[in-house]
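Data first, discussion second: the structure below is written as structure tokens.
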Amino acid sequence: MPSLPDRLHRTFFRALSLLSPKGQGIVLRGYFEWRHRTPDPWRLASDDYEQHKYRVTLRHLPARPYRRIIEVGCAEGVFTGTLAAAYPDAEITGVDVSERALARARARVPDGGRIRFIQADLLTHRPEPRYDLVLCSETLYYLGRHDRLRRASRQLSALLAPDGVLVAVHPWPEADRLHRYLDVYGALTRLSEEVYPAPPRPFAVTVWSRGPA
């Protein structure tokens, strides 16, 4: 069961989703700019729990070549760098609402002509081209109510190229609710889900594929 601070945190972001998508996006950008006033506020680069989650996520990716990868909610690029090392031939895009976070991501991950970071939010981003692999971790609960989660799930599905793979990682049991929104899209087929009872927060890694064109 989520802790009291987590429940209050979620209540705040559900209230934000009463705003228009544009208004919600403005407030979220302001919040994450404030959180990133100091580097790596969630200790993604150093916390053992976060590093364990990254290793587990990589193990769940179906073994295939990925030419184009996008990480939604990339923050300061910690996992983006891991993806770049794991898939040295892929073009990788990191997306986040915080320009402060993205500036640190650009400094952290060498470009090499194949990695880029763009400021955008999930609810309004219109990507080109489509991607072979889409990753979304610790992001959906910030969007609040069910209408925004439906919209976000539609957007994530739209990011995928035919036969592309989508991976979502969120705290358990909350992931059970969040990931169901992705199950409703006929273009997506759930391939697997595994729950990890890792302290301090259990989490689930869920994998879908998009059908052929």
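The values are calculated or read from the model by the stated rules, or taken from the named source; none is laboratory data. On a predicted model such as this, the values are computed, not experimentally measured, just so you know. Cβ placement follows ideal geometry from the backbone for every residue including glycine, while neighbour counts extend to all protein chains displayed. Quick note on the areas: whole protein, heavy atoms, side chains included, nothing else; ligands and nucleic acids left out. Shrake-Rupley method; radii C 1.70, N 1.55, O 1.52, S 1.80 Å.
Of all residues being over 17 Å from Ser137 (Cα atoms) and out of contact with any Leu (no Cβ under 9 Å at 6 or more places or on another chain) in segment 200-213, which is most open to solvent (accessible area, probe 1.4 Å)? Just the residue, please. Selected residue: Ala213.
Condition first: open to solvent by less than 20 Å² (accessible area, probe 1.4 Å), touching a strand residue (DSSP E or B) at 6+ places or on another chain (Cβ under 9 Å), of a type in the set (A, V, I, L, M, F, W, C) and over 18 Å from Thr80 (Cα atoms). Can you find one or more residues in segment 125-133 that meet it? The answer is no, given that none of the residues of segment 125-133 is open to solvent by less than 20 Å² (accessible area, probe 1.4 Å), touching a strand residue (DSSP E or B) at 6+ places or on another chain (Cβ under 9 Å), of a type in the set (A, V, I, L, M, F, W, C) and over 18 Å from Thr80 (Cα atoms). Determine whether Arg67 is of a type outside the set (Val, Ile, Thr) and closer than 19 Å to Leu156 by Cα. The answer is yes for Arg67. Among residues of segment 86-109 that are in contact (Cβ under 8 Å) with a residue 40 or more places away in the chain and part of a strand (DSSP E or B), those with a Cβ under 7 angstrom from a residue that is surrounded by fewer than 19 Cβ atoms within 10 Å (Cβ to Cβ) and not acidic (Asp, Glu), sequence gap 6+ or separate chain, pair up as Asp96/Gln119.
At least 2 residues being closer than 26 Å to Ala90 by Cβ and free of Cβ contacts under 8 Å to residues at least 60 places away in the same chain is the threshold, and among the strands (runs of 3 or more DSSP E) wholly inside segment 112-207 those reaching it are 115-119, 160-171, 188-196. Only residues that are surrounded by fewer than 15 Cβ atoms within 10 Å (Cβ to Cβ) and either part of a loop (DSSP other than H, G, I, E, B) or touching a residue at least 24 places away in the same chain (Cβ under 8 Å) (or both) were counted in segment 59-75, giving 5. Between Asp132, Asp147, the distinction of being at pLDDT 90 or above and farther than 20 Å from Val78 by Cβ belongs to Asp132 only. Can you tell me which residue is nearest to Ala84 (Cα to Cα) among those in segment 114-124 that are surrounded by 19 or more Cβ atoms within 10 Å (Cβ to Cβ) and not aliphatic (A, V, I, L, M)? The selected residue is Phe117.
Here Glu99 passes the criteria (1) modelled with pLDDT of 95 or more; (2) surrounded by 18 or more Cβ atoms within 10 Å (Cβ to Cβ); (3) of a type in the set (D, E, K, R) except the one numbered (2).
When Leu133, Leu140, Leu178 are checked against the criterion of being aliphatic (A, V, I, L, M) and out of contact with any His (no Cβ under 7 Å at 6 or more places or on another chain), Leu133 stands alone in meeting it.
Scanning segment 151-190 for residues that are of a type in the set (Val, Ile, Thr) and open to solvent by 70 Å² or more (accessible area, probe 1.4 Å) yields Val184, Thr189.
Conditions tested, residue by residue: (1) in contact with a strand residue (DSSP E or B) (Cβ under 8 Å, 6 or more places away or on another chain); (2) open to solvent by 60 Å² or more (accessible area, probe 1.4 Å); (3) in a loop (DSSP other than H, G, I, E, B).
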residue: Thr11; (1), (2), (3): no, yes, no
residue: Arg14; (1), (2), (3): no, yes, no
residue: Gln24; (1), (2), (3): no, no, no
residue: Leu28; (1), (2), (3): no, no, no
residue: Trp34; (1), (2), (3): no, yes, no
residue: Thr38; (1), (2), (3): no, yes, yes
residue: Tyr54; (1), (2), (3): no, no, no
